[in-house]
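Let me begin by presenting the structure, written as structure tokens, before commenting on it.
What follows draws every value from the coordinates through simple rules; no lab data is involved. Keep in mind the model is a prediction, meaning the values are calculated, not measured. Every residue, glycine among them, receives a Cβ derived from its backbone with ideal geometry; neighbour counts consider all protein chains shown.
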Amino acid sequence: MNTMAESVATGLSTAAVEEARDAARTFLDRLRRPAMATEAADTVILVVSELATNAVRHGGGTCTLELTAHEESIEVAVHDSSPHAPRMRTPDLHGGSGGFGWPMVNRLARAIAVTRRASGGKTVSALLDR
């Protein structure tokens, strides 16, 4: 089995989300067997971006990104300090306050898990097709 994991600590800012996306691109570029199709890689980057954005906005300002490659899937896990699980809400079509990311992640992922951490906070994980 070809399993590879990488963790990236990110901080409070849009630069942190960009750092998470860049780390995910680098991680995916290093995969060899099987290599990622462009559309699947773009989906992983989008989910990383949405989960990191949610963690920065709603999860205490900092997060850690963990990526794990399995033979047929990629697991994206984002750890943050908030105990509150993400929730579905009506997207704000006019005010720009969001509400699109969590429903999108739920549609794109094969499986989603939200786990409370013994050390505090939570981990939001998404399993995506490779």
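The table below lists the values:
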{"quantity": "For Thr62, residues with placed amide H under 5 Å, excluding near neighbours", "calculated": "Ser81"}
{"quantity": "Local electrostatic count, Gly59, Cβ distance below 12 Å [Lys/Arg +1, Asp/Glu -1]", "calculated": "+2"}
{"quantity": "Environment charge of Arg116, counting only residues whose C-beta is closer than 12 Å and scoring Lys/Arg +1, Asp/Glu -1", "calculated": "+1"}
{"quantity": "Charge context of Ala35, other residues only, Cβ under 15 angstrom, K/R +1, D/E -1", "calculated": "-1"}
